[in-house]
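Novice: One structure follows; several queries about it will come next.
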Amino acid sequence: MGSSGGLAYAASAYVLWGLLPLFFLALVPAGPIEVVAWRIVFSLVFCLALLTVTRSWSRLGAVLRDGRTMAVMVVASLLIFVNWQTYVLGALTGHVVDAALGYFINPIFTVVIGVVLLRERLRRAQWLAVGIALVAVVVLAVGYGDIPWIALILATSFSLYGYIKKRVGGSVDALSGLTIESFSLIPLAIVGLVIVSLTTGVTFGAAGPWHVLLIVLSGVITAVPLLFFAAASRRLPLVTMGLVQFLAPVLQFIVGVVVQQEAMPVERWIGFALVWFALVVLVLDLVMATRASRSPGAVSR
């Protein structure tokens, strides 16, 4: 399967991620803490089943024996926990547009992480995109009357997660990685379920069979897009992946504005317009830089 298959995998992954808010809304009356706890538990169950079906236990074992890689994976699991918890909180409390904003500005945060942690030098267009994004955050803060913390936490946690996962390189496949991350988070899932049981009460098993089925399927909903993403990343160039990734926040934005009818005052539209402009600048710069590097006269620096 070539690039066309890779595009199908990428589109499928980002469409599923973009429609996640609708899935989480279907899990009501379960709250954010319970949803994330069950998501961790059933992600692990699904991963263990996949490891058995695909006979991939040996690959998982190789990762488990690498202490350094395991330490990195534990840090990655904590970051993805923060990301999941914030995302579900946004979806269930009427802040889907904020979540979409987080994933719109994620590529810009990734550029900033490259400067801070990797000491990378930015091109002028990249600096321009970062500057526009900062102005957008200020405008949105004025429009919200507060800092858009859900968006900023999502962008920061996922950017750092991507950076840390990149450190382990090709030594950890998608299925082994998600298995380790889910297993590492089981203690937090247990604590979350205990807290819920002592406060509002656990809804699993008390809200009907369809609700139970949907919660069980949260593991599949978590794992499948990640596996699609891994398959796409092996088949598509970085520029294509960078363009397709915007499917997810676009769909999230539509869900927030059209389905949940979240408020969009003028200030928020201006802020989003600035973010979209920054992304256009960033993408055009990436495309031109990629073409220049592939040209016959390109010289390595």
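Novice: Could you pull out every one of the helices (runs of 4 or more DSSP H) wholly within segment 22-134 that has 1 or more residues that are closer than 30 Å to residue 278 by Cβ and touching a Leu at 6+ places or on another chain (Cβ under 7 Å)?
Specialist: Details: elements: 32-53, 57-64, 67-92, 96-118.
Per the criteria, 32-53, 67-92, 96-118.
Novice: Got a sec? Which of 37, 76, 13 is surrounded by 20 or more Cβ atoms within 10 Å (Cβ to Cβ), under 21 Å from residue 153 (Cβ atoms), touching a Phe, Trp or Tyr at 6+ places or on another chain (Cβ under 7 Å) and in contact (Cβ under 8 Å) with a residue 24 or more places away in the chain?
Specialist: Among 37, 76, 13, only 76 is surrounded by 20 or more Cβ atoms within 10 Å (Cβ to Cβ), under 21 Å from residue 153 (Cβ atoms), touching a Phe, Trp or Tyr at 6+ places or on another chain (Cβ under 7 Å) and in contact (Cβ under 8 Å) with a residue 24 or more places away in the chain.
Novice: Residue by residue through segment 191-210, note down the ones that are of a type in the set (Ser, Thr, Tyr) and not in a helix (DSSP H, G or I). First the steps, then the outcome.
Specialist: Restricting attention to segment 191-210, the residues satisfying the condition of being of a type in the set (Ser, Thr, Tyr) are 197, 199-200, 203.
Once the filter is applied, which keeps residues that are of a type in the set (Ser, Thr, Tyr) and not in a helix (DSSP H, G or I), segment 191-210 yields 199, 200, 203.
Novice: Being in contact with a Lys or Arg (Cβ under 8 Å, 6 or more places away or on another chain) and of a type outside the set (Asp, Glu) narrows it down to one of 160, 152, 118, 140, so name that one. Outline the logic, then answer.
Specialist: Details: 160 fails: in contact with a Lys or Arg (Cβ under 8 Å, 6 or more places away or on another chain); 152 fails: in contact with a Lys or Arg (Cβ under 8 Å, 6 or more places away or on another chain); 118 fails: in contact with a Lys or Arg (Cβ under 8 Å, 6 or more places away or on another chain).
Being in contact with a Lys or Arg (Cβ under 8 Å, 6 or more places away or on another chain) and of a type outside the set (Asp, Glu) holds for just one of 160, 152, 118, 140, which is 140.
Novice: Suppose we filter 135, 191 for residues that are over 25 Å from residue 271 (Cα atoms), at pLDDT 85 or above and not small (Gly, Ala, Ser); which single one remains? It would help to see each step written out before you state the result.
Specialist: Numbers: 135 fails: over 25 Å from residue 271 (Cα atoms).
None of the others qualify; the one that does is 191.
Novice: Of the residues 213, 188, 236, which is part of a helix (DSSP H, G or I), touching a helix residue (DSSP H, G or I) at 6+ places or on another chain (Cβ under 9 Å) and not β-branched (Val, Ile, Thr)?
Specialist: On the way: 213 fails: touching a helix residue (DSSP H, G or I) at 6+ places or on another chain (Cβ under 9 Å); 236 fails: part of a helix (DSSP H, G or I).
Answer to the check: 188.
Novice: Which numbered condition trips up residue 70, out of (1) more than 30 Å from residue 28 (Cα to Cα); (2) buried (at least 17 other Cβ atoms within 10 Å of the Cβ)?
Specialist: So the condition that residue 70 fails would be (2).
Novice: Taking the stated definitions as given, is residue 64 over 21 Å from the mean Cα position of the chain (by Cα) and either crowded, with 22+ Cβ neighbours inside 10 Å or under 22 Å from residue 166 (Cα atoms) (or both)?
Specialist: On the way: over 21 Å from the mean Cα position of the chain (by Cα): yes; either crowded, with 22+ Cβ neighbours inside 10 Å or under 22 Å from residue 166 (Cα atoms) (or both): yes.
In short, yes.
Novice: When residues of segment 89-139 are filtered for being of a type in the set (Gly, Ala, Ser) and within 16 Å of residue 159 (Cα to Cα), how many remain? Don't jump to the end; show me each part of the working.
Specialist: Of segment 89-139, the ones of a type in the set (Gly, Ala, Ser) are 90-91, 94, 99-100, 102, 114, 125, 129, 131, 133, 136.
Now restrict to residues that are within 16 Å of residue 159 (Cα to Cα): 99-100, 102, 114, 133.
Of the residues in segment 89-139, 5 are of a type in the set (Gly, Ala, Ser) and within 16 Å of residue 159 (Cα to Cα).
Novice: If I filter segment 104-126 for residues that are without any contact (Cβ under 8 Å) to a residue 12 or more places away in the chain and of a type in the set (Phe, Trp, Tyr), do I get at least one hit?
Specialist: no
Novice: While we're here: Regarding segment 164-172, can at least one residue be identified that is in contact with an Asp or Glu (Cβ under 8 Å, 6 or more places away or on another chain) and over 30 Å from residue 270 (Cα atoms)? Please lay out each step first, then the result.
Specialist: Let us first name the residues in segment 164-172 that are in contact with an Asp or Glu (Cβ under 8 Å, 6 or more places away or on another chain), namely 171.
Okay, now just the ones that are also over 30 Å from residue 270 (Cα atoms), so 171.
Within segment 164-172 (the criterion being in contact with an Asp or Glu (Cβ under 8 Å, 6 or more places away or on another chain) and over 30 Å from residue 270 (Cα atoms)), the answer is yes, since at least one residue qualifies.
The values are calculated or read from the model by the stated rules, or taken from the named source; none is laboratory data. The model shown is predicted, which means the values in this text are computed figures rather than measured ones. Cβ coordinates were reconstructed from backbone atoms using ideal geometry, including for glycine residues, and neighbour counts include every protein chain displayed.
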